[in-house]
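This report refers to the structure that appears directly beneath it.
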Amino acid sequence: MSLSERLDRIPPSGIRRLFELASRYPDAISLGIGEPDFDTPPHIREYAKEALDLGYTHYTPNSGLQMLRDALAGKLRSENSIEADPDRNIMVTVGANQAITLALAAFLRAGEEVLIPSPCFVTHKAAVTIAGGSAVEVDTDESGGFSISSESLSRAVTKKTRCILLNSPNNPTGAVLSRRQLEEVATVAVENGLRVISDEVYEALVYDGNAHVSIASLEGMADRTITINSFSKAYAMTGWRLGYIAADPASIEKMVKLQMYLDACPVAFAQYAAAKALGDPRSMKATESMRIEYQARRDCIYSLLRGIRQFGVSKPGGAFYIFPGIGGMDDLRFSEQVLEKAHVAVVPGSSFGAAGKGHVRIAYTVSSEKLEEAVSRIERVLPSLL
């Protein structure tokens, strides 16, 4: 099957569709796009200006600037307990979405299966399709906070299974996998000879004493895991399109080759700014300030949604999403009607896989005051939707 034919199999993004519809209403409150409402911290912007003045306007190595890979090696060691050689185990990418496709392309063969806990981020299934594989959704346990069990994963393994694609903290549910849960996933991977791709872009946004754990740091998982991260969420740098990968040397070599033919390298001055930001204590302070605000908003929206009798809601442990069940209503119709009647944009849960049906994703990337207003609007029109 050609790449053109694979693209034809990928449906349009439900997230983007609702965002475009919301633009019709000047007073719309958009809870749809998963993007920080904070600007990139001033000191990081200053580093980008410094980079331009220093002449960082040329190609960099396909794997990324040496100074950034060196900084990332230190970050991975100190924050993730991952030992990564900056010259053999790390590459810089054009965001995490590109990184996921690069990772799958490095080892996945046509027709092979990738297990993805569901609900799952829309890009994950699409990337598997683009890489020529088959995405297999493995339902999570909503009553357990959308947790994944080793039993469910094991039952889904077939002769064609090649990989498990994880996302913790999770988009769209906000679920955070504990060390014990990751150890169970690792056991399934080792016993069945599977690779693991771990999307950790929300690692800095965890709440209630939760700790982010990188599965690559677990015993026996270093060479089996491809760890993906980015600067988008932790540093509010979505528009900078800067991500990175830590993996075994053979996989890195193949991914760097593909990046060379796709886009040569990420933007040079953005890489310089990110490298400087990693070594600046103001960055961690800014991230923590954002995390505290997101947690306050999480508490606000959770409390508000619990007050709606028809809804069922799990308290998210991380990221900036909440994924309420809407009492058996059709999630696509609900999202369209709430936008039309209440001018509030939420994303239908079925956009995130079969297990998302009957839910909506709400991004709490707006102020608590706007969250309160949005829920008030939804409650006013809810009787007309039942």
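Tell me which residues, restricted to region 233-264, are touching a Gly at 6+ places or on another chain (Cβ under 7 Å) and at positive phi. Within region 233-264, just Arg241 meets the criteria.
Being touching a helix residue (DSSP H, G or I) at 6+ places or on another chain (Cβ under 6 Å) and surrounded by 18 or more Cβ atoms within 10 Å (Cβ to Cβ) is true for just one of Val138, Val94. Which residue is that?
Details: Val94 fails: touching a helix residue (DSSP H, G or I) at 6+ places or on another chain (Cβ under 6 Å).
Matching residue, one of Val138, Val94: Val138.
What's the number of the only condition in (1) without any contact (Cβ under 8 Å) to a residue 40 or more places away in the chain; (2) crowded, with 20+ Cβ neighbours inside 10 Å that Glu219 fails to meet? Condition (2) is where Glu219 drops out. Cβ-Cβ distances below 6 Å connect the following pairs, each with a first residue in region 286-301 that is under 19 Å from Arg361 (Cα atoms), a second residue that is of a type in the set (A, V, I, L, M) and in a helix (DSSP H, G or I), and a separation of six or more residues or different chains: Cys300/Leu371; Ile301/Leu371.
In the set (1) in contact with a Gly (Cβ under 7 Å, 6 or more places away or on another chain); (2) at pLDDT 95 or above, Leu115 fails one condition alone, (1). In region 49-57, the count of residues that are of a type in the set (Lys, Arg) and either without any contact (Cβ under 8 Å) to a residue 60 or more places away in the chain or over 26 Å from Ser367 (Cβ atoms) (or both) is one or more.
The helices (runs of 4 or more DSSP H) falling completely within region 231-336 that include 2 or more residues that are basic (Lys, Arg) and more than 14 Å from Gly95 (Cα to Cα) map to 249-262, 281-306.
Conditions (1) surrounded by 20 or more Cβ atoms within 10 Å (Cβ to Cβ); (2) under 20 Å from the mean Cα position of the chain (by Cα); (3) not assigned by TED's automatic domain parsing to the domain that holds Gly34, marked per residue:
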| site | (1), (2), (3) |
| --- | --- |
| Met290 | yes, yes, no |
| Ala296 | no, no, no |
| Asp299 | no, no, no |
| Tyr321 | yes, yes, no |
| Met329 | no, no, no |
| Val338 | yes, no, no |
| Pro348 | yes, yes, no |
| Lys357 | no, yes, no |
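You will find that of Gln259, Gln337, Gln310, the residue that is closer than 28 Å to Asn97 by Cα and not small (Gly, Ala, Ser) is Gln259 and no other. Taken as a whole, the condition of being within 20 Å of the chain's Cα centre (by Cα) and closer than 22 Å to Met67 by Cβ does not apply to Phe269.
Filtered by the rule that a residue be assigned to a helix (DSSP H, G or I) and either of a type in the set (A, V, I, L, M, F, W, C) or out of contact with any helix residue (DSSP H, G or I) (no Cβ under 9 Å at 6 or more places or on another chain) (or both), region 337-349 gives Val338, Leu339, Ala342. Considered as a group, the residues in region 351-373 that are at pLDDT 95 or above and of a type in the set (Ser, Thr, Tyr) include one that is nearest to Pro117 (Cα to Cα), and that residue is Tyr364. Residues that are of a type in the set (A, V, I, L, M) and in contact with a strand residue (DSSP E or B) (Cβ under 6 Å, 6 or more places away or on another chain) within region 1-27 comprise Ile15, Leu18, Ala22, listed in sequence order.
Count of region 154-184 residues, restricted to those that are among the basic types (Lys, Arg) and within 23 Å of Thr123 (Cβ to Cβ), is 2. From the list Ser178, Ser168, Ser232, Ser198, the one residue that fits, being at pLDDT 95 or above, outside the structural domain of Asp299 (by TED's automatic domain parsing), surrounded by fewer than 20 Cβ atoms within 10 Å (Cβ to Cβ) and under 21 Å from the mean Cα position of the chain (by Cα), is Ser178.
Can you confirm whether region 370-380 contains a residue that is outside any helix (DSSP H, G or I) and buried (at least 19 other Cβ atoms within 10 Å of the Cβ)? No, that holds for no residue.
Residues checked against (1) on the phi < 0 side of the Ramachandran plot; (2) outside the structural domain of Val338 (by TED's automatic domain parsing):
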| site | (1), (2) |
| --- | --- |
| Gly34 | yes, no |
| Glu50 | yes, yes |
| Arg69 | yes, yes |
| Gly111 | no, yes |
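Ala211 passes every criterion in (1) under 16 Å from the mean Cα position of the chain (by Cα); (2) closer than 30 Å to Gln66 by Cα apart from (1). Among the residues of region 30-44, which ones are closer than 17 Å to Tyr272 by Cβ and surrounded by fewer than 14 Cβ atoms within 10 Å (Cβ to Cβ)? Across region 30-44, the qualifying residue is only Pro42. Going by the conditions given, is Arg224 assigned by TED's automatic domain parsing to the domain that holds Val188 and either among the aromatic types (Phe, Trp, Tyr) or under 17 Å from the mean Cα position of the chain (by Cα) (or both)? It is false that Arg224 is assigned by TED's automatic domain parsing to the domain that holds Val188 and either among the aromatic types (Phe, Trp, Tyr) or under 17 Å from the mean Cα position of the chain (by Cα) (or both).
The values are calculated or read from the model by the stated rules, or taken from the named source; none is laboratory data. Model, not experiment: these values are computed from the prediction. In this analysis, Cβ positions are derived from the backbone assuming ideal geometry, glycine residues included, and neighbour counts consider all displayed protein chains.
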